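K.L.:
Okay, handing you the structure first.
None of the figures in this text is laboratory data; all of them are computed from the coordinates on show. Please read these numbers as outputs of a predicted model, since none were measured by experiment. Heads up, the Cβs are rebuilt from the backbone with ideal geometry, glycines too, and the neighbour counts pull from every protein chain shown.
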Amino acid sequence: MATCVILGAGKGIGQSVAKEFNSRGYHIALCARNKDKLAELAQQLGDDTSTWAVDVADSENLKQALADIASSHGEIEVLVYNAYSAEMGKGSTLDVAKFNQSLLVNVSGALVAAQAVAPAMMAREKGTILITGGGFALQPFHNQTALSVGKAGLRALSQCLHQELGRKGVHVATVTVCGIVKEGTAFAPDAIAKSFIALHDQPKGAFEAEITFTGK
């Protein structure tokens, strides 16, 4: 059975994307720093779900977790990178150490995760790496300097991987969410999750690098 890994799983987009792939028969590996908080989500999804304590800012922990997931539950066919760090602050006063820490979550973790799963995906010429982007990548905001830089860097990373891996059958793409995720609005997580599925369903030769979700 193929596995879908959700890094940065939790309520909202992570939960909705997990439900979509679970309904298609994937084993869902829910990953976040606090494994206990994933228990409720796992219970909602059913038996074919596992939870993993993973810190995406710790590259060795992240690589080992992905290897353990593949060993326990089968090939990782879908990787969803939904982790982020929203360190508030303006560029003129933002603490550099906190800025660098945010980049580990917002950008470097995605690189480590992609490098961990890409070799097996390329060998099979099949796999999907989906990344949750944000509108700050397109319209940065001064009081969210760290997240703005992080989302811009994440978008660039995703597009570089898209160019490199797409020709080898691996679809790397970003869903850039240009609004505040909230139930009962145009940015409801279930609606956003449809864009992740739409990208996953695209055939080789028709891979898109990005869907910009504007709620319209």
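K.L.:
May I ask you to compute the full-extension gain from THR214 to ASP201, defined as 0.36 nm times their residue separation minus their alpha-carbon distance, rounded to one decimal in nm? Walk me through the numbers on the way to the answer.
P.N.:
On the way: separation 13, 0.36 × 13 = 4.68 nm, distance 2.03 nm.
The THR214-ASP201 span can extend by a further 2.6 nm.
K.L.:
Next up: Expressed in nm to one decimal, what extension gain is obtained for the pair GLN101 and GLN139 from 0.36 nm per residue of sequence separation less their Cα-Cα distance?
P.N.:
On the way: separation 38, 0.36 × 38 = 13.68 nm, distance 2.19 nm.
Difference between extended and current length: 11.5 nm.
K.L.:
Hey, another quick one. Using a 7 Å offset from the Cα along the Cα-to-Cβ direction at both CYS160 and GLN64, what is the distance between the two label points in nm, to one decimal?
P.N.:
With each label point 7 Å from Cα toward Cβ, the separation is 2.7 nm.
K.L.:
Apply the Karplus curve 6.51 cos²θ - 1.76 cosθ + 1.60, θ = phi - 60°, to the phi angles in region 202-211 and return the couplings in whole Hz, x for Gly and Pro.
P.N.:
Once rounded to whole Hz, the list reads 5, x, 4, x, 10, 5, 9, 7, 6, 10.
K.L.:
Among ALA57, GLY14, THR176, flag the residue with its Cα farthest along the positive direction of the charge dipole of the chain, charges on Cβ as +1 for Lys/Arg and -1 for Asp/Glu.
P.N.:
Result: THR176.
K.L.:
A further question follows. Charges on Cβ only, +1 for Lys and Arg, -1 for Asp and Glu, centred on the Cα centroid of the chain; of GLN44, ILE28, CYS160, which one is farthest towards the dipole's positive end?
P.N.:
Toward the positive end, the furthest listed residue is CYS160.
K.L.:
Hey, how many Å between the Cα centroid of region 110-154 and the Cα centroid of region 6-53?
P.N.:
One Cα centre to the other: 19 Å.
K.L.:
Further question: Would you list the P(r) distribution for region 78-146, with all Cα-Cα distances sorted into 10 Å bins from 0 and each bin expressed as a whole %?
P.N.:
19, 41, 25, 12, 2
K.L.:
So what J values fall out for region 101-112 if you push phi through Karplus, 6.51 cos²θ - 1.76 cosθ + 1.60 with θ = phi - 60°, rounded to Hz, Gly and Pro as x?
P.N.:
Listing the rounded values in order: 5, 5, 5, 4, 7, 6, 10, 4, x, 5, 5, 4 Hz.
K.L.:
Below 8 Å, C-alpha to C-alpha, sequence gap of six or more: please give me the relative contact order for region 1-126 in percent.
P.N.:
29 percent
K.L.:
Dipole of the chain, Cα-centred, from +1 at each Lys and Arg C-beta and -1 at each Asp and Glu C-beta, to the nearest 20 debye?
P.N.:
On the way: 19 positive and 20 negative charges, 98 e Å.
Result for the chain is approximately 460 debye, rounded to the nearest 20.
K.L.:
I'd like the orientation of helix 189-200 relative to the chain: the angle between its Cα long axis and the longest Cα principal axis, in ° from 0 to 90, rounded to 10.
P.N.:
60 degrees
K.L.:
Could you state the principal axis extents of the C-alpha atoms in region 88-216, from the largest down, to the nearest angstrom?
P.N.:
Answer, in whole Å and largest first: 47, 35, 19 Å.
K.L.:
Additional query: Hey, can you grab everything whose amide H is under 5 Å from the amide H of THR212? Only 5+ residues off in sequence or another chain; H modelled, so Pro and N-termini drop out.
P.N.:
THR176
K.L.:
List, in order, the whole-Hz ³J(HN,Hα) value for each residue of region 126-138 obtained from phi through the Karplus relation with A = 6.51, B = -1.76, C = 1.60 and θ = phi - 60°; use x for Gly and Pro.
P.N.:
Coupling constants for region 126-138: 7, x, 9, 10, 10, 10, 7, x, x, x, 5, 5, 9 Hz.
K.L.:
Please list the non-local residues whose amide H lies under 5 Å from the amide H of ARG33, H modeled 1.01 Å from N, same-chain partners needing a gap of 5 or more.
P.N.:
For ARG33, whose amide H was placed from the backbone, the distant partners under 5 Å are VAL54.
K.L.:
Another question, if that's okay. Under 21 Å between C-alpha atoms is the cut-off here; go through the chain and count lysine pairs that meet it, provided they're at least eight residues apart or on different chains.
P.N.:
Taking the Cα cut-off of 21 Å, the pair count is 26.
K.L.:
I would also like to ask the following. What shape does region 3-213 take by its C-alpha gyration tensor, where a ≥ b ≥ c are the square roots of the eigenvalues and a/c under 1.5 counts as rounded, a/b above b/c as prolate, and the rest as oblate? All intermediate terms of the calculation are to be shown ahead of the outcome.
P.N.:
Details: a/c = 1.35, a/b = 1.27, b/c = 1.06.
Since a/c stays below 1.5, the shape of region 3-213 is classed as rounded.
K.L.:
Under 14 Å from the 7 Å Cα→Cβ point of ARG124, by amide nitrogen: which residues of region 57-71?
P.N.:
67, 69-71
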